[in-house]
Amino acid sequence: MKNLSFFLSVIILGLLLNSCDQKEKQVEAEESEEIFQESIDNNSFLEDYPNAKKMTEIDDRVDPEKRVESLYWEKQAKNGSEFTQVVAYLNDDGLPMKITEYYVDGNFQPQGQRHYYLEENKLIAFVEQSDYWVDSLTTNYSEKRTVYNDTEPVVSQSRHAQSYDQIEDVKWKNIRQEHHSLNKVNKILAGVEEFQPHFISVIQTDQLFLLLGEAKPKTEVRYTTAVRVDKMTPFIEDLLNNLDKYKFRPVNIAFEVVGGNSSPEYRVLTNIAWKK
């Protein structure tokens, strides 16, 4: 039943991520956040910080056809299931110029998107768009952004609104400078460390799914993910005949994303081999 629960959670996440841009959001007043001064306007922000202008230029250049998507990862935590997924948008040289992380931090925990803007594999700007649950029916909405120079953040700002539709009418305010790391999203994209897939088990409904995840986490809590198997191959047949033998063995996989656009998204297996 746990495997089936995970499978259903993956479907729910796909629906959530596809609908999050349309749902109404309300403001959160972050009492712990120290506000120093109100920014003048967005034009001044772009003029004062060159990498802020590059950020908007990157958004204009993003090509949905030139992207790499990660697996959906779930982790059971004290606040319920946590989810994370990463999409990297590539430039003409095949390097990521924008990485977006979609996340849900658990039941009634923050959820949203984190956007990392890069130039020559170096972070130049960061934007976070978040929902925070006030109660079981109401969420607050906030946005943050940080601009970097060569190595360090030079300005961080935030803003809040009564609803998502009103956020563009709200001025940004300067806050303490925040530093952000590419470490997690890079590990997810590369499939390494806790995001290295290991075979765990299979999920058999009307379709076949492989349940993959961390092999030996420090606790019983581990990241897991699932890929759908549409084609029976000698590898898959051998795997199904030797489930206990191959349990927790690392694998390298390739997959394609199907669905989306208000339909459930699935990761469909296209190739698999044991990691040497």
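The values are calculated or read from the model by the stated rules, or taken from the named source; none is laboratory data. If you're wondering where the values come from, they're calculated on a predicted model, not measured in any experiment. For neighbour counting, all protein chains shown are included, and Cβ atoms are generated from backbone atoms with ideal geometry for every residue, glycine included. To get the accessible areas, we keep the full protein, side chains included, count just its heavy atoms, and leave off ligands, DNA and RNA. Shrake-Rupley method; radii C 1.70, N 1.55, O 1.52, S 1.80 Å.
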Exercise. What share of Cα pairs, in percent, lie more than 17 angstrom apart in the stretch 42-188?
Worked result: 65 percent
Exercise. Given a 1.4 Å probe, how much area per residue of the stretch 196-274 is accessible, in Å²?
Worked result: 54 Å²
For this session: Using a 1.4 Å probe and ignoring any ligands, DNA or RNA, find the accessible area of HIS180 and quote it in Å² to the nearest 10.
Result: 30 Å²
For this session: Using the structure shown, list the pairs from LYS75/LYS98; LYS144/LYS276; LYS75/LYS276 with a Cα-Cα distance above 32 Å, or answer none.
Result: LYS144/LYS276
Problem set entry | Cα-based shape type of the stretch 229-275, given that a ≥ b ≥ c are square roots of the gyration tensor eigenvalues and the cut on a/c is 1.5 | prolate
Exercise. Taking the stretch 140-185, which trypsin sites (Lys or Arg not before Pro) meet the DSSP loop condition and have no more than 11 other C-beta atoms within 10 Å?
Worked result: LYS171, ARG176
Exercise. Which whole-number percentage describes the relative contact order of the stretch 42-188, with Cα contacts under 8 Å and a sequence gap of 6 or more?
Worked result: 15 percent
For this session: Please report, as a whole percent, how much of the solvent-accessible surface of the stretch 218-276 comes from carbon and sulfur atoms (probe radius 1.4 Å).
Result: 46 percent
Exercise. Of the chymotrypsin sites (Phe, Trp or Tyr not before Pro) in the stretch 246-275, which ones lie in a loop per DSSP and count no more than 15 other C-beta atoms within 10 Å?
Worked result: PHE248
Exercise. Out of the stretch 179-244, which GluC sites (Glu not before Pro) are coil in DSSP terms and have no more than 12 other C-beta atoms within 10 Å?
Worked result: GLU220
Exercise. Under a point-charge model restricted to the Cβ atoms of Lys and Arg (+1) and Asp and Glu (-1), what is the dipole moment magnitude of the stretch 196-274 relative to its Cα centre, in debye to the nearest 20?
Worked result: 320 debye
Exercise. Which length gain, in nm to one decimal place, applies between ASP48 and ASP93 when the Cα-Cα distance is subtracted from 0.36 nm times their residue separation?
Worked result: 13.3 nm
